[in-house]
Amino acid sequence: MAARDDARGALLDLASGYWRSQAIYVAVHRADYSVHFRRLEPEAFRLLSLLRDGASLMSAIEDAFENSAMPEEQQAQNVELWFRTWQSLGWFSSTPTTARNAVDGDPGFSTTANASAALAGDPGCARQDELGASEGKA
């Protein structure tokens, strides 16, 4: 039997009296010339990691909740809250990049940088799978 201490991110094994550590997920970011960290749920950490590694938004969301015990309704609410929070922290931003610039090798183009624009339905944000189809077009 164990007792959880959320402030410490640990479990106290009541039989032995020893603390057992648990994984803690954080994102470290800069704001106003200071370094901050934000504790994340495991699914949120996986989602951000997958997006950072170039996964599409849809596959990142699906993979982040694979084997999660979180109910589907709660998953949808959390994804909405997470992206709202991440957008307010400046982790995602809309950039005026066209599909042609992305195909031409524009180093400013990033799937993760445009994630909020894609969520908001920004027509200037091209999906990765559409980029190949626009190659060679003016």
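The values are calculated or read from the model by the stated rules, or taken from the named source; none is laboratory data. Treat the numbers as computed from the prediction; the structure is a model and nothing was measured. Cβ atoms come from the backbone with ideal geometry, glycine included; neighbour counts cover every protein chain shown.
On inspection, GLY121 does not qualify as on the phi > 0 side of the Ramachandran plot, loosely packed, with under 15 Cβ neighbours inside 10 Å and at pLDDT 90 or above. When the range 19-58 is examined, which residues are found to be polar (S, T, N, Q), outside any helix (DSSP H, G or I) and surrounded by 11 or more Cβ atoms within 10 Å (Cβ to Cβ)? Selection gives GLN22, SER56.
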